[in-house]
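Have a look at the structure below, then the notes.
Since every read-out is calculated from the coordinates, none of them should be taken as a lab result. Please read all numbers here as calculations on a predicted model, not as lab measurements. Positions of Cβ are generated from backbone atoms using ideal geometry, with glycine treated the same way; all protein chains shown enter the neighbour counts.
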């Protein structure tokens with residue numbers, strides 16, 4: 001037993017590499033590995049020292065504060081929704097692997113963890129292209145929307161992040177052989193991104209590309225020209241080569257016109273605009289603490305019935321399709337402030353190594369935009385993805401701090 005406990009950190013590092021690889025591929029696999037990591041971490045001889053490290057870290061405290069406030073908010077949830085609200089809050093255990101990565105990841109394994117994630121995305125990409133070309137059928141993916149393991153919005157965020165991660169390596173890699181390999185992989189990932197129905201990831205990628213361009217070149221004019229040329233080439237190619245992307249652009253334009261001209265909210269973008277209207281009403285009446293987790297959806301249905309019958313067609317949707325609206329309607333300005341404070345603390349993570357600083361900015365730009373379209377921090381794949389990247393960033397910050405001291 002003593003020998004086992006003495007090797008726990010080694011086992012945790014193996015599990016972290018496995019976690020990163022399985023993350024894009026298996027819902028059951030990633031949950032099982034995350035749970036095993038947390039269980040093993042409790043038997044670590046250095047547990048007290050690692051808890052002390054967490055207590056001194058502002059990002060960790062902000063995340064714990066977010067979880068605790070959401071747990072506290074159960075106090076003002078109605079009795080009829082209490083069970084569902086408890087289930088909702090219980091999902092926040094998916095954030096706990098952050099602390100394992102932060103305190104237990106070894107510096108020599110950090111690059112392996114990132115590479116394992118990229119390898120997992122490569123496997124997912126092969127499966128996705130097989131679905132698209134009708135070589136095989138897989139899970140819920142279809143040739144029109146080849147997202148094999150997760151909802152297409154989440155998958156588009158995974159693809160956008162991987163594409164920008166590879167582009168970051170292309171911009172900063174010295175050897176042409178690696179540049180060529182990353183460039184080929186980048187093109188195939190990009191093709192996969194624009195073959196899916198995930199407009200969220202597609203738009204987030206475009207925003208992230210511009211941000212990455214300005215971070216990668218000291219000459220800002222050069223950064224602007226490179227970003228615009230890349231962006232123009234990618235959008236033009238996707239529009240002309242991908243029927244899915246072409247159709248989704250047309251549908252998005254049509255959705256907005258229908259809302260403006262006819263108050264027709266019965267569409268993907270129409271529903272999202274409708275939720276802004278409903279959320280505004282809920283916020284005005286309950287600005288400080290919101291109406292409670294899950295009670296915000298009860299209030300949504302009530303407002304549609306009494307005030308917005310034209311939105312009846314969107315009442316089947318389970319949430320506000322927006323992270324910010326979901327939080328502010330459920331837990332008010334206080335909940336939104338704690339959430340934004342958590343994001344701010346992640347932004348403040350000190351990283352002097354450029355490639356990791358770039359990863360931080362890519363990650364935040366994708367998620368901050370993605371939150372506008374979907375409550376990503378309440379979906380299993382994207383929550384555990386969030387934990388992976390934040391954990392990696394905190395671990396890298398710890399390594400740099402240890403070197404300085």
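Here are the numbers for this structure:
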{"item": "Cβ-based exposure ranking for 352, 244, 162, 329, in which fewest neighbours within 10 Å come first", "result": "352, 244, 162, 329"}
{"item": "Pairwise centroid distance, computed over Cα atoms, of region 264-318 with region 11-74, Å", "result": "34"}
{"item": "Cα gyration tensor shape of region 1-130, rounded if a/c is under 1.5, else prolate or oblate by comparing a/b with b/c", "result": "oblate"}
{"item": "Label-point gap, in nm, between residue 246 and residue 288 - each point 7 angstrom along Cα→Cβ", "result": "5.6"}
{"item": "FRET efficiency for residue 306 and residue 280, using Cβ-Cβ distance with R0 set to 22 Å, rounded to 0.05", "result": "0.90"}
{"item": "Gaussian network model of the chain, Cα within-10 Å springs - most flexible of 25, 394, 180", "result": "180"}
{"item": "Gyration tensor (alpha-carbon) shape descriptor, region 85-244, a/c threshold 1.5", "result": "oblate"}
{"item": "Extension gain from residue 90 to residue 10, taking 0.36 nm per residue of separation minus the Cα-Cα distance", "result": "25.9 nm"}
{"item": "Likely footprinting exposure, 153, 293, fewest C-beta neighbours within 10 Å first", "result": "153, 293"}
